[in-house]
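The values are calculated or read from the model by the stated rules, or taken from the named source; none is laboratory data. Owing to the predicted nature of the structure, the values given are computational and were not obtained by experimental measurement. No Cβ is skipped: glycine too gets one built from the backbone with ideal geometry, and neighbour counts run over all protein chains shown.
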Amino acid sequence: MPSDRNAPPRAPFLQTPDALIDDVTLTDAAVRLLQAMVKLPPRNARNSDAVARTLRMGKDKTNAARKGLRAHGHWHARKRQNREGHIRDQRLASLTPLRTPDAVAAGWAAAEEAARLGKDTDRSRRLGVRILNAAEWYGPRAAARPHPTEPAVVEPAAGTPAARPTRRRPPAGDKTAGHQTPLPLPDGVTALTGPLARYAEQAARTLTLIGRADPRFALPTPDVAQLAHLAGQYLLRGRRSDAIRAAIVQGPPPEGVHHPAAYVRARLLRYLPPLPDVRDLAPARPAEPPPHTAPADAPPPVRPQGPAHLIRQGHGWRAALRAAAPPPG
């Protein structure tokens, strides 16, 4: 029976180009892997290894497929800072080969726009681009959950005679410092206390000066006090304040620093100098003088009050004979 109703519009989808299907230089595994990666949602949480496991592809076949895709402009990588402040590799899969720098930049821009919106756009659909594990950079932040030890406050209904519970007020003073949980120090790094506290104080001054010189690395007072123990390890291990400044300032990401405290912590851990050798710290022993040896042709030493000494002093041969004579008895 004919109906006047129109069929609902179909959702747009990504279509594999004919040039990619007819390309005989790419292996079947490479084409399958590329199609599976591009079919992921724009804001996905999977990398190429996870996609390859769903296709039952081994490690060697996966590496060969990625190598072939990279050579033909379908697989690209760059370094970007995630929301935790860590520098990670971003991977881009593209159905359309991107071989020029302008084409690669356009592909990244289209994939970023789709990841931020959580859906494909006209540009991303036309190029067939997808950022792998995009949720690490563009996913929604986790909602703040209540602390498990704090009981939930139940508000009575309006108009009921029940007394309303009193709310807990934060302590007076610095509220940020009272509720901030410090991150643990890595293995092999201890807090600088006691006689070593001077290294933490000097490192705190260095971090403050870096933040004043460059607002991108400006840290609040609690973060400076926390990171001073990590930065002080540079001074404790024989480095100077310039090494701390170089580890933080040199080579910032092009998109900017989103979380200064996490970024500074990651950079300090990345370039942390090794511990000095214990043998270098031991005091050097003074070198013992070599034993005195007289040359073979040197005259024998003159014995004081001996016959030769008396003759040289002008006492005559009689005094020398008396000195050379054995004692009586």
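Residue 120 satisfies every condition listed in (1) assigned to a loop (DSSP other than H, G, I, E, B); (2) under 22 Å from residue 254 (Cβ atoms); (3) touching a residue at least 60 places away in the same chain (Cβ under 8 Å) except (2).
Could you please find all residues in segment 20-76 being within 23 Å of residue 124 (Cα to Cα), in contact with a Leu (Cβ under 8 Å, 6 or more places away or on another chain) and assigned to a loop (DSSP other than H, G, I, E, B)? Across segment 20-76, the qualifying residues are 26, 39, 40, 42, 44, 46, 47, 72, 73, 74.
Of all the residues that make up segment 77-113, how many are of a type in the set (D, E, K, R) and in a helix (DSSP H, G or I)? If you could, list the steps in order and put the result at the bottom.
Within segment 77-113, the subset of a type in the set (D, E, K, R) is 78-80, 83-84, 88-89, 91, 99, 102, 112-113.
Applying the additional criterion that residues be in a helix (DSSP H, G or I) yields 102, 112-113.
So the count comes out to 3.
Of the residues making up segment 214-241, those that are surrounded by fewer than 13 Cβ atoms within 10 Å (Cβ to Cβ) and closer than 16 Å to residue 261 by Cα are 215, 221.
Taking segment 183-272 and the helices (runs of 4 or more DSSP H) fully enclosed by it, the elements with 1 or more residues that are farther than 27 Å from residue 80 by Cβ and over 15 Å from the mean Cα position of the chain (by Cα) are at 197-213, 221-236, 241-249.
Which residues, counting only those in segment 27-43, are under 31 Å from the mean Cα position of the chain (by Cα) and hydrophobic (A, V, I, L, M, F, W, C)? The answer is 33, 34, 37, 38, 40. Can you list residue pairs whose Cβ atoms sit under 8 Å apart, with the first residue in segment 233-256 being hydrophobic (A, V, I, L, M, F, W, C) and the second being in a helix (DSSP H, G or I) and loosely packed, with under 15 Cβ neighbours inside 10 Å? Count only pairs 6 or more apart in sequence or on different chains. What qualifies is 247/270. The listed residues are 198, 168, 164, and the only one of them that is among the charged types (D, E, K, R) and modelled with pLDDT of 65 or more turns out to be 198. Annotation: residue 130 fulfils all but one of (1) more than 30 Å from residue 265 (Cα to Cα); (2) surrounded by fewer than 18 Cβ atoms within 10 Å (Cβ to Cβ); (3) basic (Lys, Arg); the unmet one is (2).
Inspection of segment 176-191 finds a residue satisfying the criterion of being at pLDDT 80 or above and more than 14 Å from residue 264 (Cβ to Cβ).
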